[in-house]
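A.B. asks: Structure below; questions to follow.
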Amino acid sequence: MERATIDLWVGLFVVAGIAALMALAMKVGNLTSLNVGETYTVSAYFENIGGLKARAPVKSAGVVVGRVSEINFDDDKKEALVTMKVDTKYHFDKDTNASILTSGLLGEQYVGLEAGGDTEMLKNGDKIKLTQGAVVLEKLISQFLYSKASEGNEKKADSK
């Protein structure tokens, strides 16, 4: 009887571990919140999208208001075209600003929408005109190092 009880507890522990791994995999894969409601589509051009991926969240004030549905490269503009599906219960002004931001320990990138002050709202198929691309850490570091190197060269030139 004792052996059967231990086997039961070990089995329950294994099942709980597998369930936790599945939940973690779904969280990392952005599959935890499936959008089944009505949506409208908006798009925006970005110079650099960093590591943004399809199904990434679209957030406003920290609230998920939609998902990135598609990412394409516009060969004419030489920019990335990001298409987003936004839940119809959320309305944004025509002069809304879209930025690519990073959150969390894993550095998940998402599109952040910041409402403007226009009285006209975005409709299905509209393009967001005000955008800010992703901040590339390598570019920031190289700019910092370059500025420090040029400061050092100026100090050497002044001392001569």
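The values are calculated or read from the model by the stated rules, or taken from the named source; none is laboratory data. As the structure is a prediction and not an experimental result, all values here were calculated from the model. Cβ coordinates were reconstructed from backbone atoms using ideal geometry, including for glycine residues, and neighbour counts include every protein chain displayed. Note: accessible area is taken over every heavy atom of the protein model, side chains too, but ligands, DNA and RNA are not part of it. Shrake-Rupley method; radii C 1.70, N 1.55, O 1.52, S 1.80 Å.
A.B. asks: If the Cβ limit is 7 Å and pairs must be 6+ apart or interchain, which residue in region 1-28 that is closer than 30 Å to K53 by Cα pairs with which residue that is of a type outside the set (A, V, I, L, M)?
C.D. replies: M26/T32
A.B. asks: Right, another one. Please indicate, with yes or no, whether at least one residue in region 19-41 is open to solvent by less than 60 Å² (accessible area, probe 1.4 Å), of a type in the set (V, I, T), at negative phi and at pLDDT 90 or above.
C.D. replies: yes
A.B. asks: Starting from region 45-62, take each residue that is open to solvent by 50 Å² or more (accessible area, probe 1.4 Å) and list its partners that are part of a strand (DSSP E or B), counting only C-beta distances under 7 angstrom and pairs at least six apart or across chains.
C.D. replies: If the second residue must be part of a strand (DSSP E or B), the pairs left are E47/E79; A54/V68; A54/S69; A54/E70; A54/I71; R55/R67; R55/V68.
A.B. asks: Select from region 125-148 the residues that are of a type outside the set (G, A, S) and closer than 20 Å to K59 by Cβ and write down the one among them that is most open to solvent (accessible area, probe 1.4 Å).
C.D. replies: Step by step, filter region 125-148, then rank; the result is K129.
A.B. asks: Take region 118-138 and flag every residue that is under 19 Å from the mean Cα position of the chain (by Cα) and of a type outside the set (G, A, S).
C.D. replies: K127, I128, K129, L130, T131, Q132, V135, V136, L137, E138
A.B. asks: I'd like the full set of residues that are in a strand (DSSP E or B) and open to solvent by 80 Å² or more (accessible area, probe 1.4 Å), limited to region 68-106. Break it down stepwise before answering.
C.D. replies: Let us first name the residues in region 68-106 that are in a strand (DSSP E or B), namely 68-74, 79-87, 93, 97-103.
E70, F73, K85, T102, listed by residue number.
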